[in-house]
Amino acid sequence: MTAPTATVRERVRALLTTNLGIAVPESGGEPIGDGALDSLMLMEILSEVELEFGTRVDFNSFEPSRLRTLDGLVAWIEAESTVPPE
């Protein structure tokens, strides 16, 4: 996996911390939200990401575990986004 684009990473970090109040560790490989994200919070993350990046979730192939780390979330956004990076 290549390193996530810095601008997407920064936008995701701001979205999680500012909009949702989720703790995001400095290391992109550690669990976000102290590893305590429940299904409601995952849906809130998906909703915010959809608004910000234009992603659409295909629940037939979607892997929720990709949302557990900043690196995984950024990689998924970069693969699925319809909004060009800023």
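Just so you know, all these numbers are worked out from the coordinates, no wet-lab data involved. In this text the structure is predicted, and so the values were computed from the model without any measurement. We place every Cβ from the backbone using ideal geometry, glycine too, and count neighbours over all the protein chains shown.
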Can you pull out the residues in the stretch 27-64 that are touching a helix residue (DSSP H, G or I) at 6+ places or on another chain (Cβ under 7 Å) and among the polar types (S, T, N, Q)?
-> THR55
Can we say GLU50 is in contact with a strand residue (DSSP E or B) (Cβ under 7 Å, 6 or more places away or on another chain) and surrounded by 14 or more Cβ atoms within 10 Å (Cβ to Cβ)?
-> no
State the number of residues belonging to the stretch 53-73 that are surrounded by 13 or more Cβ atoms within 10 Å (Cβ to Cβ) and either under 19 Å from GLY21 (Cβ atoms) or among the hydroxyl-bearing types (Ser, Thr, Tyr) (or both).
-> 6
Please find, within the stretch 1-56, the residue that is nearest to VAL74 (Cα to Cα) out of those that are without any contact (Cβ under 8 Å) to a residue 12 or more places away in the chain and among the β-branched types (Val, Ile, Thr).
-> THR2
